[in-house]
Amino acid sequence: MGDKFNYIYTAPTESERREIEKIRSQYTTAGEKDDKLNRLRRLDRLVNFPAKAVAAIFAVAGVLTFGLGASLCLKWYEYVWGASLGAVGALVAAAAYPLYKWILRRNKRKFGAEIIKLSDELLKICGEKSSNNHK
């Protein structure tokens, strides 16, 4: 009758919690959160990559055309053709940034609503998970 039950509880430290979650994630299947996060990443690439690629192509083409015009002037003394080609190249290169901004704006309008919706859902899932961890 004099026996007492002693119970000592210690919560895992933050580093232990991360290690436990890392090990646990290897044994669970990818859930809804992972699917949504991958979809969000793909949409973000669909917004940014085309704008960057087109701008880079225009910038490189413009600089190369400008260089060809400069070489026509300096090496072969074709000033009219060289100056004309150089001006065209400068205009093409200068158009790269406004073209980038235009494509980026268009893609944000096209995919923005879905990106916002997915990110809100993911933030809600993460918020619920973190509030459950702290209870």
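Below, the figures for the structure above:
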{"item": "The listed residue being of a type in the set (D, E, K, R) and modelled with pLDDT under 95, out of Asp44, Asp35", "result": "Asp35"}
{"item": "Close pairs (7 angstrom Cβ cut-off, 6 or more residues apart or separate chains): open to solvent by less than 90 Å² (accessible area, probe 1.4 Å) in segment 117-128, hydrophobic (A, V, I, L, M, F, W, C) and at pLDDT 75 or above anywhere", "result": "Leu118/Leu40; Ser119/Leu40; Leu122/Leu37; Leu122/Leu40"}
{"item": "Checklist (1) closer than 30 Å to Lys124 by Cβ; (2) within 29 Å of the chain's Cα centre (by Cα); (3) open to solvent by less than 90 Å² (accessible area, probe 1.4 Å); (4) not hydroxyl-bearing (Ser, Thr, Tyr) applied to Arg105, failing item", "result": "(3)"}
{"item": "Residue count for segment 92-102, restricted to those that are crowded, with 18+ Cβ neighbours inside 10 Å and among the charged types (D, E, K, R)", "result": "0"}
{"item": "Among residues of segment 47-60, those that are more than 19 Å from the chain's Cα centre (by Cα) and exposed (fewer than 15 other Cβ atoms within 10 Å of the Cβ), counted", "result": "2"}
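Residue by residue, here is whether (1) part of a helix (DSSP H, G or I); (2) open to solvent by 100 Å² or more (accessible area, probe 1.4 Å) holds:
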| site | (1), (2) |
| --- | --- |
| Leu40 | yes, no |
| Arg45 | yes, yes |
| Val63 | yes, no |
| Leu68 | yes, no |
| Leu72 | yes, no |
| Tyr77 | no, yes |
| Ser84 | yes, no |
| Ala87 | yes, no |
| Ala90 | yes, no |
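The values are calculated or read from the model by the stated rules, or taken from the named source; none is laboratory data. Predicted, not measured: the structure shown is a model, and the values here were computed from it. Quick reminder, even Gly has a Cβ in these numbers, built from the backbone with ideal geometry, and neighbours come from all protein chains shown. Areas reflect the complete protein model, heavy atoms only, side chains present, ligands, DNA and RNA absent. Shrake-Rupley method; radii C 1.70, N 1.55, O 1.52, S 1.80 Å.
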